[in-house]
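Written out below as structure tokens is the structure these notes cover.
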Amino acid sequence: MTVLFADAEPATLTAEMLRVLSPSAEVQGHAPEQRVTVPGKRSVTIVRVDPVGNYAVRIVFSDGHQSGIFTWLYLHELIMGKEEKWQGYLEELQEKGLSRGD
């Protein structure tokens, strides 16, 4: 998905990254120690993006996940920390013996 903020160049976030770092309670939990490492989403796609007021979007993924509300602030944070967050995710997968899937 390509995101464009008024003061920046367009930035692309993959469907896989958005899915595994979804801000939903299902992924993030209700406390940091409850956060889940989501494996097997290499092939996930974005089915639909719905606006949520003027502050966010709800992304519907091909695996049925749709409970995350991606605020513009959260998307900006993902873009700014894209490499670090992705590397952290890959390291978590390796530490837990999980994979990105097909």
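Every number in this text was worked out from the coordinates using simple rules, so none of it is lab data. Remember, it's a predicted structure, so these values are computed and weren't measured experimentally. As a convention, Cβ positions derive from the backbone with ideal geometry for all residues, glycine included, and neighbour counts pool all protein chains shown.
A few notes on this one:
- Leading residue by the ranking (surrounded by the most Cβ atoms within 10 Å (Cβ to Cβ)) among those in region 1-44 that are part of a helix (DSSP H, G or I), among the aliphatic types (A, V, I, L, M) and out of contact with any Lys or Arg (no Cβ under 6 Å at 6 or more places or on another chain): Leu18
- Filtered residues of region 70-102 (kept if of a type in the set (Lys, Arg), more than 17 Å from Val44 (Cβ to Cβ) and over 13 Å from the mean Cα position of the chain (by Cα)): Lys96
- Residue list for region 51-65, filter: assigned to a strand (DSSP E or B) and either in contact (Cβ under 8 Å) with a residue 24 or more places away in the chain or within 15 Å of Pro23 (Cβ to Cβ) (or both): Val52, Ala56, Val57, Arg58, Ile59, Val60, Phe61
- Close pairs (7 angstrom Cβ cut-off, 6 or more residues apart or separate chains): farther than 16 Å from Gly68 by Cα and touching a residue at least 40 places away in the same chain (Cβ under 8 Å) in region 21-44, part of a loop (DSSP other than H, G, I, E, B) and polar (S, T, N, Q) anywhere: Pro39/Ser99; Gly40/Ser99
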